[in-house]
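First the structure, in the form of structure tokens, and then the observations on it.
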Amino acid sequence: MATAHIVELEGRREWENYHRTGTSHLKKRYGLRSGDGGRGRDDIAQAASEVQKWLLAAKEEGVPVRPVGGAWSLSNIQLVQNGWMLNTRRFNRCFRLAGHDFARPGSVDPGAFMLIEGGVQVDEVNDKLQEIERSLVTTGASNGQTFPGACATGTHGSVLTAGGIQQHVRAVQIVTPGGIYWIEPSAGLMSDDFIRETGSAPVRDDDAFAAALVAVGSLGIVTAMVIESVPRYLVRPWLKLIDFARDDVETLERGDFRAFSEKHGLKGHDPYFVMVITTPYRPWGGKAVARILYQFPYHSRYEHVEPGKLGAGYDAQSMMAWALRQFPWARGQILQLIMRLGVGKGITEERYGTWGETLESSRPTADSFSAALFCDRARLVHTLEALCTAFSRAGGSTAVTLRFVKGGYGLLSPARWENSVAIDCDGPGGEGTLRAYRKMLDALERQGIEHTLHWGKINNLTPARVAANYGDDLSRWRAVRDRLLPDPADRRLFATEELRAFGLAD
């Protein structure tokens, strides 16, 4: 029976991320592989031991390292230059847990939890949960990321009562050269015996757990997680081109999503998910695309359809990127026309799917532009008006997407407000769009408009911006990093150019 192991990968030493926005020039490439049998904790213990040996070898060689899973981030935080890369995609098993695995067996439902390895993709988690009649609460718009990778950047959806994907996480195993740590909240979750069998030392600490939820790849290598799910449910999509007025934005700012739904969506139901796509040239007073999902109890009688018929992948990037690349001069009415053509008749007839069935992997977005910022929903009207004015005046031709999420779930979660709005800017690539985006960020800062930037998208983050965004939470995060990586040489292992540019590496 094969055990978890690391192999050196042959081939080119130049590696591109999934969206082809950046290249690593590597000294060596490695792959982490799952074993082919046995208990999950044994496989994870073996893998963690192998990863620690690999890190110690890299430290002895004096080379930086980077794990990579789905390679999804457009911000290039997964790149490493003149170092070693560890591909985790084939370390991707999922395991159920038993009552005796928990510290207080009678206080939890073991069936609600799952142990996952560090390279498992979101779609693989969805498939496993479907088999046991469970579901995730939220994800990003795509399912090709690894689960730990999506957590590391605070990947968000548009579920009104949920935060980022990291809100599912209840425990994290992180490997460093100096230790293998099992990190949980101070109240604890898993039994001492279980933690010992994973090869880990327990760290039951609220700050450490909050730091590990959105680690941005800087605390060590995540080799396992315990996640919590909910009973399976259905969603009904509603996709429509709407007349979008300023009072609609004011309604969304108040959080009166039922009123927005009564006006533009399925009447008589509270929405579960709300997304609006508009343009910086006419953020209101013209046409916009509304995508709304409604939650219903699960039943097996629904007709299964492909993800596209549920509106899967329906974001501004997939709808507009191609057209805007072909017509980079597109403005105002042209963007409105693209939305009309993209939506067509929309989706208003009755059809259903599980949460996992509403997702698919988006195509690579090379030559496109994708950025996102977060703000306080209570300041949405002001923030959106300032953002669109600055961006359009600077010549940026993108779509602007509003997504609504709960804040928290991690010291470095960019959704920092109790009620947060993620504002995506998606469109054609090129220096003109990037220049307009940078001018827009400068304008927001000059006007004192509070916002944060998405770790995994094009962001133009600087140490000063990160410090201003996260304040005391950044200090708490660094304190955890220094506890897990007390040796400066260990911290240098994870100090890539991108992380230095963010101020997250020495």
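Every number in this text was worked out from the coordinates using simple rules, so none of it is lab data. These numbers come from a predicted model, not from an experiment. For neighbour counting, all protein chains shown are included, and Cβ atoms are generated from backbone atoms with ideal geometry for every residue, glycine included.
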Using alpha carbon centers only, region 114-148 is separated from region 46-88 by a whole-angstrom value of 23 Å
By average Cβ neighbour count within 10 Å, what is the ranking of 144-152, 379-387, 412-420, 73-81 from highest down?
-> 144-152, 73-81, 412-420, 379-387
Distance (nanometres) between label positions extended 7 Å along Cα→Cβ at D482 and R435 | 4.2 nm
The lysines whose Cα lies under 21 Å from the Cα of K439, excluding any fewer than 8 residues away in the same chain, are K457
Give the distance, in whole Å, between the Cα centre of region 6-45 and the Cα centre of region 269-309.
-> 36 Å
Could you pull out the pairs from K28/K53; K267/K287; K128/K267; K27/K53 whose alpha carbons sit more than 23 Å apart here?
-> K128/K267
Once Lys and Arg are counted +1 and Asp and Glu -1 for all other residues with Cβ under 13 Å from that of D192, the total becomes 0
Cβ-based exposure ranking for I116, I423, I174, in which fewest neighbours within 10 Å come first = I423, I116, I174
Does region 1-157 classify as rounded, prolate or oblate by the C-alpha gyration tensor (a ≥ b ≥ c root eigenvalues; a/c under 1.5 gives rounded; else a/b over b/c gives prolate, otherwise oblate)?
-> oblate
Using a simple spin-label model with points 7 Å from Cα along the Cα→Cβ vector, what separation in nm is obtained for H100 and R363?
-> 5.3 nm
Cleavage-rule hits, GluC sites (Glu not before Pro), region 63-149, DSSP coil, Cβ neighbours within 10 Å at most 15 = E133
